[in-house]
Amino acid sequence: MTQKFYPAILARSDAGAIGVVFPDFPGCVSVGETAQEAATNAVEALDLHVEGLLADGDALPEPSALGLLPDWLEPEKDTIVGHCLVPVEIPSKAIRLNITMDEALVHRLDAAAAAEGFTRSGYLAQAARERMQRAR
């Protein structure tokens, strides 16, 4: 996987929450009660947005410069409180693996993957990503 960092803009709404928008991904938004919570939620929002784009076969834009305001942002409605870079993992070429597992575990794995709409490989890859993220 390749990691890229996309700029995000944090803005406080009239209600006090902090929203996060991405100049490179109109429509990808996140929110939090604090800047830390908003930035944390932004990582998940961007991951899901990028995953959807890639699943649809869309190309990802190159990250724009930090601090640029997109034309569609209306700073008069919200108070901009900061900018940050949000990391996202870009999948690289898939490779075939050969692993050995207990047969009963494989059956449970397949059932769990199917229940969540994954293939066996997709489920294992997602589980590995989540486990490694928690280990950070």
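No value in this document is a laboratory result; all are computed from the given coordinates. This is a predicted model, so every value here is computed, not measured. Counting neighbours? That spans all protein chains shown, and the Cβs are built from the backbone with ideal geometry, glycine included.
For the peptides 42-55, 117-130, the ranking by packing is 42-55, 117-130, with the highest mean count of neighbouring Cβ atoms within 10 Å listed first. By how many degrees, between 0 and 90 and to the nearest 10, does the Cα long axis of helix 35-55 differ from the longest principal axis of the chain? With rounding to tens, the tilt is 60 degrees. With bins 10 Å wide beginning at 0, the percent of Cα pairs of the chain falling in each bin runs 10, 35, 28, 17, 8, 2, 0.
Given the Cα-Cα distance of Gln133 and Cys84 and 0.36 nm per residue of separation, how much length would full extension add, in nm? Computed gain between Gln133 and Cys84 is 15.7 nm.
Per-residue Karplus couplings for region 86-99, computed as 6.51 cos²θ - 1.76 cosθ + 1.60 with θ equal to phi - 60°, are listed in order as 10, x, 9, 8, 9, x, 9, 4, 6, 10, 7, 10, 10, 10 Hz, Gly and Pro entered as x. Between Asp58 and His107, the FRET efficiency from the beta-carbon distance, with R0 = 41 Å, is close to 0.70. Seen against the Cα atoms of the chain and their longest principal axis, helix 120-135 is set at about 60 degrees. Helix 103-115 and the longest principal axis of the C-alpha atoms of the chain enclose an angle of approximately 40°.
The Thr34 and Gln3 beta-carbon pair, evaluated with R₀ = 30 Å, returns a calculated FRET efficiency of approximately 0.75.
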